[in-house]
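Peer 1: After the structure tokens below, expect a handful of questions from me.
The values are calculated or read from the model by the stated rules, or taken from the named source; none is laboratory data. Since we're looking at a predicted model, the values are computed, not measured. All Cβ positions, glycine included, derive from the backbone under ideal geometry; neighbour counts span all protein chains shown. Areas reflect the complete protein model, heavy atoms only, side chains present, ligands, DNA and RNA absent. Shrake-Rupley method; radii C 1.70, N 1.55, O 1.52, S 1.80 Å.
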Amino acid sequence: MAVTCAIAAPVWAQANKMTPIAIPAQPKAIELGTGPLPGATAAESWHSQYGSVFARNVTVATLTPFLPDPAKATGVAVIVAPGGGFRTLSMENEGWQVAQALADKGVAAFVLKYRLNQTPADMAGFERSMTEMFANTARNPRPSPEQAIAGLAPQIADSRAAFALVRKRAAEWHVDPDRIGMVGFSAGAMLTMATTLAGQDAKPAFIGTIYGSLAPVAVPTDAPPLFVALAADDPFFANGGFGLIESWRTAKRPVEFHLYEQGGHGFGMYPKKTTSTGWFEAFSRWLGMHGYLKPAGAS
């Protein structure tokens, strides 16, 4: 599955080794109540890399609110799903920083720390496991969207619980329960799509998939508006065609697609010199075009 930017910038990666760090304080994180990951033996741990922080071996899912200034609040909310190949989570670059940027625009954002597949507890073992995953990804054919969704039961449960929690506390957080969307990165993009297609009661109002798979899917008749961003030099998803886009268009559902010339995989909120850095502003303009940057009914 898709991973963070570990192979998107080899030179940078050589200068930014994974370094174990203490689990950071997360005083606003709310446990989602989906229970511990079945069969988990390795405890949650964190590391730094690329000047950012990552979590792995997450066994208990949480949701962290980033609420806007009440004077700017639009009533819109977004569940933010970081990526990391379902083995790690880019909590800062694809989570907290994205959520804060959305809050700055008046959108309530909630970072989903979903449960992950277990990896070796020691850093050397983890690095070996990631190298093996990269190799297997290159050698083996990708699963179909249906096969991928079938293997994401814990993560979909976490996503559904996140939507349920935001709706339950909508009045407290000044959120319109009918205006909750989701944006995901890499594996988080896959989870966003899985939530849309198989999340039952989640029903996101709009979705964004950032450097995720473009494999075709069966699109529901009531599919939400879709925003997609991908770099043409993405090592995972740039050469498989544009089936997802065509699926949305064939279903006559709204879709916007940005294919950046450069950016690699995992660019997120990193300040790169490529035009892919503009994805967030493009996403914000797209939200505004759909009326999500102002209160419902505002002209």
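Peer 1: Calculate the translational D of region 220-276 in whole µm² s⁻¹ from Stokes-Einstein, where the hydrodynamic radius comes from the Kirkwood formula applied to all Cα pairs, the temperature is 25 °C and the viscosity 0.890 mPa s.
Peer 2: The estimated diffusion coefficient comes to 198 µm²/s.
Peer 1: OK, next. Give me the net charge of Phe280's neighbourhood, meaning all other residues with Cβ under 15 Å from the Cβ of Phe280; Lys, Arg count +1, Asp, Glu -1.
Peer 2: That works out to -2.
Peer 1: Would you look at the GNM of the chain, springs on alpha carbons closer than 10 Å, and say which of Pro154, Pro20, Pro177 moves the most?
Peer 2: Highest fluctuation among the options: Pro20.
Peer 1: After finding the eigenvalues of the alpha carbon gyration tensor for region 67-131, what semi-axes result from the square roots of 5 times each, listed largest first in whole Å?
Peer 2: 32, 9, 7
Peer 1: Quote the accessible area belonging to Asp176 in square angstrom, nearest 10, computed with a 1.4 Å probe and with ligands, DNA and RNA left uncounted.
Peer 2: It works out to around 50 Å².
Peer 1: I've got another one for you. Provide the per-residue ³J(HN,Hα) series for region 146-158, in order, calculated from phi with Karplus coefficients 6.51, -1.76, 1.60 and θ = phi - 60°, each as a whole number of Hz, with x at glycine and proline positions.
Peer 2: Once θ is set to phi - 60°, the couplings for region 146-158 become 5, 5, 5, 4, 4, x, 10, 4, x, 5, 5, 4, 5 Hz.
Peer 1: Same structure, new question: Add -39500 (n - 2.57) for each DSSP H run of 4 or more in the chain, then divide by its residues: what number comes out at 222 nm, to the nearest 500 deg cm²/dmol?
Peer 2: Mean residue ellipticity at 222 nm (helix-derived): -8500 deg cm²/dmol.
Peer 1: Can you work out the Karplus-derived ³J(HN,Hα) for every residue in region 118-131? Use 6.51 cos²θ - 1.76 cosθ + 1.60 with θ = phi - 60°, whole Hz, and x for glycine or proline.
Peer 2: Whole-Hz 3J(HN,Hα) from phi for region 118-131: 5, 10, x, 5, 7, 5, 4, x, 4, 4, 5, 5, 5, 4.
Peer 1: In the chain, what percent of the accessible surface is made up of carbon and sulfur (1.4 Å probe, ligands and nucleic acids excluded)? Working shown, then result.
Peer 2: Values: 6990 of 12620 Å².
Of the solvent-accessible surface of the chain, carbon and sulfur hold 55 percent.
Peer 1: Here's something else I'd like to know. Please tell me the relative contact order of region 139-254 in percent, rounded to the nearest whole number, where contacts are Cα pairs under 8 Å and at least six residues apart.
Peer 2: Contact order relative to length: 21 percent.
Peer 1: Give the average over all directions of the projected area of the C-alpha convex hull of region 151-299, one decimal, in nm².
Peer 2: Numbers: hull surface 38.3 nm².
Over every viewing direction, the Cα hull of region 151-299 projects on average to 9.6 nm².
Peer 1: Okay, next question. Hey, how much of the P(r) for region 42-201 falls beyond 30 Å, as a percent of Cα pairs?
Peer 2: 17
Peer 1: Please report the relative contact order for the chain, taking Cα pairs under 8 Å with a sequence separation of at least 6, and give it as a percent rounded to a whole number.
Peer 2: Details: 632 pairs, mean separation 52.7, N = 299.
Reported relative contact order: 18 percent.
Peer 1: Under a Cβ-Cβ cut-off of 9 Å, what is the net charge of the residues other than Gly263 that fall near it, where Lys and Arg count +1 and Asp and Glu count -1?
Peer 2: Values: positive: Lys272; negative: Asp233, Asp234, Glu261.
Neighbourhood net charge equals -2.
Peer 1: Would you mind working out the accessible area per residue for the chain, using a 1.4 Å probe, and quoting it in Å²?
Peer 2: Working: 12620 Å² over 299 residues.
Solvent-accessible surface per residue comes out at 42 Å².
Peer 1: Over all directions, the average projected area of the alpha-carbon convex hull for the chain comes to how many nm²?
Peer 2: Mean shadow area of the hull around the Cα atoms is 14.7 nm².
Peer 1: Averaging over all projection directions, find the projected area of the Cα convex hull of region 127-174 and quote it in nm² with one decimal place.
Peer 2: Values: hull surface 21.7 nm².
Averaging across all directions leaves 5.4 nm² for the Cα convex hull.
Peer 1: Along the charge dipole of the chain, which of Ala164, Ala124, Ala215 sits closest to the positive end, that is, farthest toward it, with unit charges on the beta carbon of Lys, Arg, Asp and Glu (+1, +1, -1, -1)?
Peer 2: The one lying farthest along the dipole's positive direction is Ala164.
Peer 1: I've got another one for you. Looking at the chain, what % of its DSSP beta bridges pair antiparallel, to the nearest 5?
Peer 2: 45
Peer 1: While we're here: If each residue of separation counts as 0.36 nm, what is the full-extension length gain between Thr274 and Ala171 once their alpha-carbon separation is subtracted? Let's see the in-between values first.
Peer 2: On the way: separation 103, 0.36 × 103 = 37.08 nm, distance 4.02 nm.
The Thr274-Ala171 span can extend by a further 33.1 nm.
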